[in-house]
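Below is one structure; the comments refer to it alone.
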Amino acid sequence: MRYVPLDTPKPISKIGLGTWQFGSREWGYGPDYEQRAAQIVRRAVDLGVTLFDTAEIYGFGRSERILGAALGDDRAKVVVASKIFPVLPLAPVVQQRAVASAARLGVAGIDLYQVHQPNPVVADTTTMRGMRALQDVGLVGEVGVSNYGLRRWRFAEAALGRRVLSNQVRYSMVDRGPEKDLIPYAEQAGRIVIAYSPLGQGFLSGRYDARNPPAGAVRRANPYFLPENLERGTELIATLREVADAHDATPSQIALAYLLRHPNVVAIPGASGVEQVERNAAAAEIDLADDEHAALVTAAHAFRPVTGLAAVPKLIRARTRK
């Protein structure tokens with residue numbers, strides 16, 4: 001495993017573990033998944049994974065409980081990260097919700113506590129006042145945000161009066177927006193971009209095509225899995241497979257290695273089983289050659305999916321046919 005080259009109380013692994021699926025039935029993993037979740041966490045710890053990300057909204061608290069129980073005595077050794085869902089993120093509410101999350105996780109302090117979404121009405125001034133109070137009493141170590149643009153990230157940091165260590169955003173080879181400004185800022189300022197959905201919810205795995213679409217409510221609601229987009233992604237997947245063959249790796253591992261080439265980027269893929277955790281962790285050790293990276297960049301830029309409002313009627317028709 002490799003780690004982010006930053007001064008943090010605990011090392012932050014380049015590959016973390018996202019736990020949205022823990023306790024969340026919409027992923028369609030079946031009733032035995034909760035037991036498998038514990039095995040996934042234990043194996044991740046063994047492999048040197050130190051960042052474990054959850055949120056109070058995941059399974060309405062169940063993800064936090066499952067993760068905390070699975071970590072057991074290792075909770076003090078790893079970076080436990082959670083997020084507040086900012087319905088009314090006033091300072092007292094932020095403090096109350098952090099206490100509740102810590103209790104569900106079974107920790108004395110949350111290593112990284114993040115604002116899950118920017119609130120369009122409540123300014124970060126009051127939210128960060130609550131975060132600062134949590135840091136002052138030792139219940140929160142580092143503060144992070146999620147789904148913030150650069151301007152609001154910097155404003156949140158000014159409001160906190162301390163570093164806002166991380167910004168957790170959607171980032172993958174098919175969602176490259178953070179490369180424009182968030183990643184350059186993180187590298188310049190000594191911050192971290194945490195990439196969620198780093199495999200495009202499995203789109204980049206190469207497991208799916210127009211004749212073999214994914215199951216599960218989460219993926220079926222993702223426009224990338226429209227038959228048209230799966231068809232358009234053929235060349236991108238082919239390039240991933242070509243580079244993967246040169247490294248005796250999988251397309252998913254190469255897609256992760258593409259992100260991890262940035263020193264201040266951490267990826268937090270989920271996992272459906274122990275084997276997937278092992279493959280994800282191994283991706284941190286892959287070094288892409290310059291020409292391989294260039295080929296991946298070219299293929300990623302050539303992918304033009306149907307998204308946004310144009311995808312809505314297609315998604316409705318796809319759901320209706322099922």
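Tabulated data
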read-out: Helix 312-321 vs. the chain, principal-axis angle (Cα, 0 to 90°, nearest 10); value: 70 degrees
read-out: With Cα atoms, 0 to 90° folded angle of helix 251-260 axis to the chain main axis; value: 40 degrees
read-out: Length-normalised contact order of the chain in % [C-alpha pairs under 8 Å, at least 6 apart]; value: 19 percent
read-out: Cβ-based net charge around L90, under 14 Å, with every Lys or Arg adding one and every Asp or Glu removing one; value: +2
read-out: GNM top mover of G149, G109, G161 - the chain, alpha-carbon springs below 10 Å; value: G161
read-out: Point-charge dipole on Cβ atoms (K/R +1, D/E -1) for the chain, about Cα centre, debye to 20; value: 1240 debye
read-out: The chain: antiparallel DSSP beta bridges as a percent of all, rounded to 5; value: 10 percent
read-out: Under 30 Å, Cα to Cα: Lys pairs in the chain, sequence gap 8 or more or different chains; value: 9
read-out: Listed residues Y224, V193, I40: farthest to the positive end of the dipole of the chain (Cβ charges); value: Y224
read-out: Tilt relative to the chain, helix 33-46 - C-alpha long axis, 0 to 90 degrees, to 10; value: 80 degrees
read-out: Local net charge near D7, Cβ-Cβ under 14 Å (Lys/Arg +1, Asp/Glu -1); value: +3
read-out: Cα-based equivalent ellipsoid of region 1-119: semi-axis lengths in Å, sorted from largest, via gyration tensor; value: 21, 19, 13
read-out: Region 166-291, dipole about Cα centre (Lys/Arg Cβ +1, Asp/Glu Cβ -1), debye to the nearest 20; value: 620 debye
read-out: Whole-Å semi-axes of the ellipsoid equivalent to the chain (Cα gyration tensor, √5λ, descending); value: 31, 21, 21
read-out: Segment T125-R304, extension gain: residue separation times 0.36 nm, minus the distance between their alpha carbons; value: 60.6 nm
read-out: Kirkwood-type radius of region 85-209, with distances r between different C-alpha atoms, in Å; value: 15.3 Å
read-out: Rg/Rg_ref, region 151-268, where Rg_ref = 2.2 N^0.38 Å and atoms are Cα; value: 1.21
read-out: Principal axis dimensions, largest first and in whole angstrom, of region 62-123 by Cα; value: 39, 19, 17
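Here, each number is a calculation from the coordinates, and none is a lab measurement. The shown structure was predicted, so the numbers you read here are calculated from the model rather than taken from an experiment. Virtual Cβ from ideal backbone geometry, glycine too; neighbours counted across all protein chains shown.
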